[in-house]
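Below: one structure, written as C-alpha cells.
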Amino acid sequence: MEKIATICVLLVIVASLLAVSSTVRADDQPVRFLGISKYYAGYSSACIFRVDDFVVSPEDIYTITFSAKSKNSSFANYQMELTSHITSKYPDVRLVVGLITNGGSGAKEAELWEQMNMLVRTYGWEIASHTKYHSLPPRSIDDIIGALMDIESNITGYRVYTYIPPYGKTSSGEARLLSQHGVRIIMLSTPIQLLLPRNWNRIHITVKISDKLPWGFFLHIIHRMENVIGGTMIIYTHATSYDWRSADSLLKSFDKAIKAVKDNKTWITVPSELYRYELERKIIRVEQANATSYIVRATKQLDFDPVPITLTFKVKAQVEDVRCNDTSLPRLEWPGYRPVPGYTQRGDILLVNTYPDSIITIILKQ
Ligand SMILES: [Zn+2]
C-alpha cells in the first residue's frame with residue numbers, strides 16, 4: 001500500500017517537472033508557431049458580396065427580360081453603374097457576380113467580355129454561372145453546361161467554381177452534372193445555404209439587401225455576432241429593378257453595407273477563394289526545422305491553384321525579415337482582402353502569408 005502511495009507521489013512529481021520544463025522550453029523559443037489562421041490575415045470572420053443577373057449581351061445591359069411561369073417581365077439593369085461604383089470607390093472590395101451568358105460570344109459582346117476579364121484579372125472579382133438563359137428547372141444541358149463553356153472560353157485560363165441557380169432552384173441531377181464539370185459551389189437564394197460543400201459549414205446566414213427589405217439592422221447584428229464566433233456572411237442582391245427603385249438607391253445601399261463590414265476584422269472575399277483557403281488550411285502541415293525555420297507542406301495534391309494562407313507565430317522581439325525559400329517576403333502595412341504573400345507584425349503576434357510547400361525563416365532584431 002505504502003509502495004503504491006510512494007509511486008503515485010513520484011509520478012506526480014515527475015509529471016509536474018515535465019510540465020514545468022515544457023513550459024520553460026516553449027517560452028524560451030524566440031519564435032513559436034501558434035497555428036494556421038481560420039481566415040486570411042487573421043481576420044475574425046468572412047463576408048461575400050453576391051450580385052445576380054449580370055449579363056454579357058449588349059441588348060440586356062439596360063433591360064433584362066425574365067420568363068417565369070409563362071409571363072415575361074422586363075427589368076431595368078444597373079450592372080454598369082454598380083461595376084463602376086465599386087471599382088472606382090472600393091477597388092479592394094470584390095464581388096461574386098451571377099452571370100447570364102445568353103450564349104454571348106459574338107463581336108457585339110466582345111466589349112462586355114473584356115470588362116469581365118478586367119473584373120477578374122485586375123480587381124479579383126469572381127464570375128459565377130447564372131446559366132445561359134435564366135430558365136426554370138428542369139434545365140437543358142445547354143443552359144447549364146453551355147454557360148460554363150461561354151465563361152471559360154471568353155475569360156482565358158479562368159475556371160468556373162460557383163453556380164448560382166436562377167430563382168434559387170435546382171433539379172435533381174444538376175449538382176452531379178455541374179460537379180463533373182468542375183463546379184464546386186452551389187449558392188441558393190434562400191437564407192440558409194443547403195448545397196454548399198461540407199467544409200463551408202460556417203456560413204451561417206445570407207442577408208438579402210433590397211429596397212423592399214429592412215436589412216440594415218439585421219446585417220449589423222449578424223455581422224457583429226460573426227466577428228465573435230467566426231463565420232461567413234453572404235450579402236446578396238440583384239443588379240436589377242427587381243430589387244431596386246433606381247441605380248442610385250442600389251449604390252447608396254452598397255455604401256452602407258460596405259461601411260458596416262469594412263472594420264479591419266472582416267475578410268471580404270469571394271466563394272472560390274474562401275473554398276480554396278479552407279481546403280488548403282486542412283491539408284497543410286507546419287513542422288519546425290530549427291529555432292526560427294518552419295517547413296510548410298501540403299499533405300495532398302491540390303486540384304486548383306493555391307492561395308496564400310496565413311500562419312500565426314508568437315515572437316519574442318521585433319521582426320526584421322521573413323524569408324520564404326531564401327527570398328525576403330514583403331512587409332504588409334495592411335493585409336488587404338486579396339491573399340498575397342507577405343508578413344505583418346502586431347505586438348508579439350506575427351502573421352505570415354505563404355503558399356504551401358515553402359520554408360519560412362523568421363529573423364528577429366537582436
Ligand atoms: Zn437571376
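Since every read-out is calculated from the coordinates, none of them should be taken as a lab result. For clarity, every value in this text was computed on a predicted model and none was experimentally measured. We place every Cβ from the backbone using ideal geometry, glycine too, and count neighbours over all the protein chains shown.
Determine the dipole magnitude for the stretch 44-274: charges of +1 sit on the beta-carbon of Lys and Arg, -1 on that of Asp and Glu, nothing else is charged, the reference point is the Cα centre, and the result goes in debye to the nearest 20.
800
Ordering 243, 305, 211 from the fewest to the most neighbouring beta carbons within 10 Å gives 305, 211, 243. Only beta bridges with both residues in the stretch 44-274 are counted; by DSSP, about 20 percent of them are antiparallel. Spacing of the modelled spin labels on residue 63 and residue 76, each 7 Å from Cα toward Cβ, amounts to 1.3 nm. Axis angle, to the nearest 10 degrees, between helix 141-154 and the longest C-alpha principal axis of the chain: 70 degrees.
The trypsin sites (Lys or Arg not before Pro) of the stretch 277-366 meeting both criteria, a DSSP state outside H, G, I, E and B (loop) and at most 12 other C-beta atoms within 10 angstrom of the site's C-beta, are 300, 316, 365.
Placing R0 at 35 angstrom, the Cβ-Cβ distance between residue 181 and residue 213 gives a FRET efficiency of 0.55 after rounding to 0.05.
Ranked by how many other Cβ atoms sit within 10 Å of their own Cβ, fewest first, the residues 95, 136, 311 fall in the order 136, 311, 95. Across the stretch 44-274, Cα pairs under 8 Å and at least six residues apart give a relative contact order of 29 percent. For q values of 0.07, 0.10, 0.12 Å⁻¹, compute log₁₀ I(q)/I(0) with the Debye formula on a Cα-only model of the chain, without solvent. The Debye formula, applied to the Cα set alone, gives -0.38, -0.69, -0.92. The modelled label-to-label distance between residue 288 and residue 302, using points 7 Å beyond Cα along the C-beta direction, is 2.6 nm.
In degrees from 0 to 90, rounded to the nearest 10, what is the angle of the helix 110-121 Cα long axis to the longest principal axis of the chain? Here the helix axis deviates by roughly 10 degrees. Per 5 Å bin, what percent of the C-alpha pairs of the stretch 234-366 does each bin hold, from zero upward? Going out from 0 Å in 5 Å bins, the stretch 234-366 shows 2, 9, 16, 17, 15, 12, 9, 7, 6, 4, 2, 1, 0 percent.
Roughly what angle does helix 271-283 make with the longest principal axis of the chain, taking Cα atoms, 0 to 90 degrees, to the nearest 10? It is inclined by approximately 30 degrees. Dividing the summed helix terms, -39500 (n - 2.57) for each DSSP H run of n ≥ 4, by the number of residues in the chain produces a 222 nm estimate of -10000 deg cm²/dmol to the nearest 500. Selection among 304, 261, 294 by position relative to the dipole of the stretch 250-366 gives 261 as farthest towards the positive end (Cβ unit charges, Cα centre). In the stretch 44-274, taking the dipole from charged Cβ atoms about the Cα centre, the farthest positive-side position among 186, 138, 153 is held by 186.
Each of 40, 242 was scored by other Cβ atoms within 10 Å of its Cβ. Listed from fewest to most, they are 242, 40.
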